[in-house]
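For reference, the structure is listed below as structure tokens.
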Amino acid sequence: MQDQQTFYITTPIYYPSGHMHIGHTYTTVAADTMARFKRLTGHKTYFLTGTDEHGQKIERRAQEAGVPPQKFVDDIVADTKKLWELMNIRYDDFIRTTDERHMKAVQKIFRKLYDQGDIYKSAYEGQYCTPCEAYWTASQLKEGKLCPDCGRETELVREESYFFRMSKYQDWLINYIRENPDFIQPPSRANEMLQNFLLPGLQDLSISRTTFKWGVPVDFDPDHVIYVWIDALSNYITALGYMSEDDSLMKTFWPANVQLVGKEIVRFHTIYWPIMLHALGLPLPKQVFGHGWLLFNNDKMSKSKGNVVYPRPVVKRFGADALRYYLMREMPFGSDGNYTNEAMMTRVNSDLANDLGNLLSRTVAMIEKYFDGKVQQPEAYEDVDQDLISQVELLPKRFEEEMDALQFPQALAEIWKVISACNRYIDLTQPWILGREESGRGRLKTVLYVLAESLRFVTVLISPVMPATPEKIFAQLGVSDPSLMTWDSLSAFGKTPAGQTVKKGEAVFPRIDIKVELPLLEAENDIELGLSPAKAESAPENDEKEKEAVIDIADFQKIRLKTAKVLACEKVEKSDKLLKFRLKVGEEERTVLSGIALHYKPEDLVGRTLVLLSNLAPRKIRGIESQGMLLCASNADDSVLKLLTVDEGIEDGMDIS
Ligand code: MSP
């Protein structure tokens, strides 16, 4: 018997400097979809994700939040794991760079590279960008000594440092990339790496820091911590037990089949990472795929710009499968694309509620109506049947080809071509007319059989993208035998047994009223965005915020804080989190919304005097204009959140300064 094929896929490990947003979710859903597909097709599969927890940036965030770094990352990691559960992400391992297993192995990797002469100690002086954790040479810096990656100011730093002899491997890597055109995908990214980085010449890389402590120490020189990227990239092998007592996973799964990364970190994964692996005597991953970004209003998402989309509100309203489908269907994997809730709902309505949902409900309703709910043995197939059957039989192969090329939208488009063909088939065969006469019964049996069996194919194939949906569809189709839910069961058309009993159920994807839902989603997202200021984002842009955090007194004087007395308070309809306040601020009255309903009962707040940011631009949430913001204090994960109150004797309308 042939050995079972293996498949190892990874996501980048995310910075737990803020809550994961829809961009991180995108990569993770893509990896999960691929892993599920490989499991479905019989591969022994390993899917790794995790968090990249060291470095100065995280250390500073923790300081700002007033908690030790470990506590800070623990909270965000716990939230990340909950989010992945909500998104139905089935990873095999979640590695954290603060795991002892990882830290020990990284130290051994460092020592091995040092012992064999790939790492040497020297001193480094250069312009350093803290948010990007990178030194830049004079020719790389933008005017004004700004970082070429993020555009922020760099600082002159001199430190003793260990260096990696990258230059030694440059020619080898250039050849490798040229000889292995599949290694970097899409091909345009390979070109970019060669032209922009490799051909101009690689510098040796500074790979230790003495300026902060939050990292993996070099065990033989503990003043140094290992540069975050060396620490982070190693995760892909330390998770498999590299340099540990049990490296059986390493033997089984390395080299990885696919490593998914966002386009901004292709460079680290196709230059530093291959050189590290080669120096360690390990083979390179078969492929590094650099996908595009999800944009918001054609701009990269960034909390400081207030344009981050979080997945939870969407999932709560429509389920993880709707969002997963949209993320995988909408934009070519490799290109950038805009994310809007409106486009998401439009697609869910057209593809899921209409095309797929209607096909299912029509098929099930007709089998119930004409055959008492029982699928009938088909009679001889006619051309019109055969045309559809051939398309259905070819579908698994077509789907697999697109999936293997990580072309998720095209893979789904193949399925939807068949769904459309089924809907056309209903129009062509007109089962409602066949049902009128006894003479049409034979044809009707065949037509409904073909539809039920085609839907079975579709349902098996959507499972990697929409793992929770097949169960619901199969329940309605009456498919209960697990052997009819497998990839192998798609080897031939016609495995649905006669007599299978369908059962009409609720719409699998109810139609969304976009006009009603849009403002609700936006309000929920605003709350996710607004309620967790210190921790809502992990993209580098976040650090703009860090920089902006230093203000002078003139900035502070722009802020108008006033005491406000609660005249009335009630929950906002259809919202878990929003409370609506009527406030008295001296002579004036104001309406203010606040996302604190999980922490307070409205009636307990009436009569209290609170602190209001009174010159915040008014903003409409759920059709209600909120005229200011009530100040709260909260801990890192918002499990404790309290309104700021004032001492007795302080009246409403007083200035706070
Ligand atoms: N910690 C590093 C990666 C180390 S891997 C050894 C890092 N972390 S990150 O938190 O900034 O996450 C980066 C990854 O999140 C991106 O590469 C990408 O996969 C994903 N995305 C973050 N924002 C994104 C979008 N707006 N759109 C799509 N993906 C994005 O870099």
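The values are calculated or read from the model by the stated rules, or taken from the named source; none is laboratory data. Keep in mind that this is a model prediction, so the values were computed, not measured. Positions of Cβ are backbone-derived with ideal geometry, glycine not excepted, and every protein chain shown enters the neighbour counts. Surface accessibility is based on the protein's heavy atoms, side chains included, excluding ligands, DNA and RNA. Shrake-Rupley method; radii C 1.70, N 1.55, O 1.52, S 1.80 Å.
Key figures for this structure:
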| quantity | calculated |
| --- | --- |
| Residue in region 447-460 that is touching a Ser or Thr at 6+ places or on another chain (Cβ under 9 Å), closer than 30 Å to W84 by Cβ, assigned to a helix (DSSP H, G or I) and among the polar types (S, T, N, Q) present | yes |
| Considering residues of region 237-249 that are among the aliphatic types (A, V, I, L, M) and open to solvent by 10 Å² or more (accessible area, probe 1.4 Å) only, the residue nearest to A30 (Cα to Cα) | L249 |
| Any hit, region 6-21, residues being surrounded by fewer than 24 Cβ atoms within 10 Å (Cβ to Cβ) and part of a helix (DSSP H, G or I) | no |
| Region 267-296, residues that are open to solvent by 40 Å² or more (accessible area, probe 1.4 Å) and farther than 26 Å from Y242 by Cβ | W293, F296 |
| Among the residues listed as V392, V364, the single one being of a type in the set (A, V, I, L, M, F, W, C), open to solvent by less than 80 Å² (accessible area, probe 1.4 Å), under 14 Å from P431 (Cβ atoms) and in the same structural domain as R443 (by TED's automatic domain parsing) | V364 |
| Selected residue (criterion: farthest from I95 (Cα to Cα)) from residues of region 40-75 that are of a type in the set (A, V, I, L, M) and open to solvent by less than 30 Å² (accessible area, probe 1.4 Å) | A62 |
| Any hit, region 51-64, residues being assigned to a strand (DSSP E or B) and over 28 Å from F457 (Cβ atoms) | yes |
| Meets criteria (in a loop (DSSP other than H, G, I, E, B) and either touching a residue at least 40 places away in the same chain (Cβ under 8 Å) or out of contact with any His (no Cβ under 9 Å at 6 or more places or on another chain) (or both)) for Q195 | no |
| Residues that are open to solvent by less than 50 Å² (accessible area, probe 1.4 Å) and of a type in the set (D, E), drawn from region 121-165 | E133, E159 |
| Within region 494-570, helices (runs of 4 or more DSSP H) holding 2 or more residues that are modelled with pLDDT of 85 or more and among the aliphatic types (A, V, I, L, M) | 514-531 |
| Test: residue in region 361-369 that is part of a helix (DSSP H, G or I) and without any contact (Cβ under 8 Å) to a residue 24 or more places away in the chain | no |
| Of all residues in region 278-296 being closer than 21 Å to Q185 by Cα and more than 13 Å from the ligand (Cβ to nearest atom), the one that is nearest to the chain's Cα centre (by Cα) | Q287 |
| Filtered residue count, region 635-657, keeping only those that are assigned to a strand (DSSP E or B) and open to solvent by less than 60 Å² (accessible area, probe 1.4 Å) | 3 |
| Members of region 297-340 that are assigned to a loop (DSSP other than H, G, I, E, B), open to solvent by less than 30 Å² (accessible area, probe 1.4 Å), within 11 Å of the ligand (Cβ to nearest atom) and in contact (Cβ under 8 Å) with a residue 40 or more places away in the chain | M301, S302, V308, V309, M331, Y339 |
| Positions within region 81-127 being part of a loop (DSSP other than H, G, I, E, B) and under 30 Å from L141 (Cβ atoms), in sequence order | T97, D118 |
| Test: residue in region 250-266 that is part of a helix (DSSP H, G or I), over 27 Å from M34 (Cβ atoms) and open to solvent by 10 Å² or more (accessible area, probe 1.4 Å) | no |
| Residue within region 222-236 that is away from the ligand (no atom under 13 Å from the Cβ), surrounded by fewer than 23 Cβ atoms within 10 Å (Cβ to Cβ) and over 16 Å from Y162 (Cβ atoms) present | no |
| Only one of A30, A78, A35 that is within 11 Å of the ligand (Cβ to nearest atom) and within 21 Å of the chain's Cα centre (by Cα) | A30 |
| Residues being modelled with pLDDT under 90 and either within 19 Å of L113 (Cβ to Cβ) or of a type in the set (D, E, K, R) (or both) - total across region 144-176 | 3 |
| Filter pass, R424 being open to solvent by 20 Å² or more (accessible area, probe 1.4 Å) and not in a helix (DSSP H, G or I) | no |
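Condition check ((1) without any contact (Cβ under 8 Å) to a residue 40 or more places away in the chain; (2) β-branched (V, I, T); (3) under 16 Å from A523 (Cβ atoms); (4) in a loop (DSSP other than H, G, I, E, B)) across all residues:
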residue: D576; (1), (2), (3), (4): yes, no, yes, yes
residue: F581; (1), (2), (3), (4): no, no, yes, no
residue: E589; (1), (2), (3), (4): yes, no, no, no
residue: V592; (1), (2), (3), (4): yes, yes, yes, no
residue: A597; (1), (2), (3), (4): yes, no, yes, yes
residue: Y600; (1), (2), (3), (4): no, no, no, yes
residue: L612; (1), (2), (3), (4): no, no, no, no
